[in-house]
């Protein structure tokens, strides 16, 4: 048992970090056992604890813990039979704890418990960070000026993450160096095939095209894996990011995978995929894709990004594979999220958007 922390948050649409519900029957645990653990391992803890569950989260159940001593977030492995390398809450705890020594804003971690006897599965506890989770990249509810400043802050935080000193933070062994895209394409193709429920022609084309067009490697950094507004907490009243959440997919890899994923909304329609395509960005106060990428390049010392369409297509392919995995769980009857079918149905339009991004030059 060690200490660490981060992650919390619902897939809230707008300005709330309190989007919780009563704990689902399948995710309940012995609260008294948790209170005994926290009394011993979390400094300043005072019980009793009231537990509620965040609505979002396809993988690791996440809970809000309210007590007289403060608010906490608990992130645990789900109950039941799991794949050996899946649901690695210990990795999440490790990276959040390590990043606390950098500029990257993360919640404070308090404890990691790998003893299944306490609440049934491994878990960690981190601080509750007050603020707003605005999942929609159009940032509804904010003024144009504040929208622009939130995007600036998001861009700055991503640049900070990609310039973290791996040796100084002890994260140089957090993933396998080199061949990132080749390994990722193979991994997500395999995952996609395992949960395939229909033939998606655009996905077939991407599966064939991507491995043949992988750009030369240009450096290894920490990769968040799901860097988007919905995984950021914005200050309660100021237009700046105060915490990055949900590190489940983090590893070492190409920073351009994160940047392209972060920029996907520029290529996706709001009506179907929650994007910003077709919106009047200037009127909304949002930067263009070119301006956002240029700002990132300035912050990370890049002059340009060749093969940008490859990175965007890869991001859409990867998210399509994830969506197909969700649909597979819907068909199998094992999906936990009430919005799972809607998320799963995104596989086809994501794949089609990815193929459209590269098809002109694909031949």
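We did not get these values from a lab; they are worked out from the coordinates using the rules stated. Note that this is a predicted model, so its numbers are computed, not measured. A quick note on method: Cβ atoms are made from the backbone with ideal geometry, for glycine too, and the neighbour counts reach across all protein chains shown.
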* Structure fact -> Per GNM of the chain with C-alpha springs under 10 angstrom, the most fluctuating residue out of 70, 333, 148 is 333
* Ranked list, fewest to most other Cβ atoms within 10 Å of each Cβ, for 113, 263 -> 263, 113
* What is the stretch 144-362 by shape, rounded, prolate or oblate, if you read a ≥ b ≥ c off the alpha carbon gyration tensor as root eigenvalues and call it rounded for a/c under 1.5, prolate for a/b larger than b/c, and oblate otherwise? -> rounded
* Most mobile of 144, 306, 79 in a GNM of the chain (Cα contacts under 10 Å) -> 306
* Cβ-based exposure ranking for 209, 247, in which fewest neighbours within 10 Å come first -> 209, 247
* Structure-based [θ]222 nm, the chain - -39500 (n - 2.57) summed over DSSP H runs of at least 4, per residue, nearest 500 -> -12000 deg cm²/dmol
* How far is it, in nm, from the label point at residue 179 to the one at residue 130 when both lie 7 Å from their Cα along the line to the Cβ? -> 5.0 nm
* Asked: Which angle between 0 and 90 degrees, to the nearest 10, do you get for helix 347-362 versus the longest principal axis of the chain when only C-alpha atoms count?
  -> 30 degrees
* To the nearest 0.05, how large is the calculated FRET efficiency for residue 356 and residue 50 if R₀ is 45 Å and r is the Cβ-Cβ distance? -> 0.40
* Show me 119-131, 22-34, 285-297 ranked by packing, highest mean number of other Cβ atoms within 10 Å first. => 119-131, 285-297, 22-34
* To do: Work out how much length residue 269 to residue 143 would gain on full extension: take 0.36 nm times their residue separation and subtract the Cα-Cα distance, in nm to one decimal.
  => 43.2 nm
* Any chance you could check the Cα centroid distance between the stretch 122-150 and the stretch 279-358 for me, in angstrom? => 19 Å
* Report, in degrees rounded to the nearest 10, the 0 to 90 angle that the Cα long axis of helix 144-162 makes with the longest principal axis of the chain. => 80 degrees
* Can you give the relative contact order of the stretch 20-127 as a percent, counting alpha carbon pairs under 8 Å and 6+ residues apart? -> 24 percent
* To do: Enter the angle in degrees (range 0 to 90, nearest 10) between the Cα long axis of helix 31-41 and the first principal axis of the Cα atoms of the chain, meaning the one along which they spread out most.
  => 90 degrees
* To do: Please work out whether the stretch 254-331 counts as rounded, prolate or oblate from its C-alpha gyration tensor, where a ≥ b ≥ c are the square roots of the eigenvalues and a/c under 1.5 means rounded, while otherwise a/b larger than b/c means prolate and anything else oblate?
  => oblate
* Once you've got the GNM for the chain with C-alpha springs shorter than 10 Å, pick whichever of 55, 191, 324 has the biggest mean-square fluctuation. => 191
* In whole percent, what relative contact order does the chain give with Cα contacts below 8 Å and a gap of six or more residues? -> 19 percent
* Kindly identify the stretch 20-127 as rounded, prolate or oblate by the Cα gyration tensor criterion: order the square roots of the eigenvalues as a ≥ b ≥ c, call it rounded if a/c is under 1.5, otherwise compare a/b with b/c, prolate if a/b is larger, else oblate. => rounded
* Structure fact -> Per-residue Cβ contact counts at 10 Å, fewest first, order 37, 192 as 37, 192
* Structure fact -> The simple spin-label model distance between residue 168 and residue 114, using points 7 Å out along Cα→Cβ, in nm, is 2.8 nm
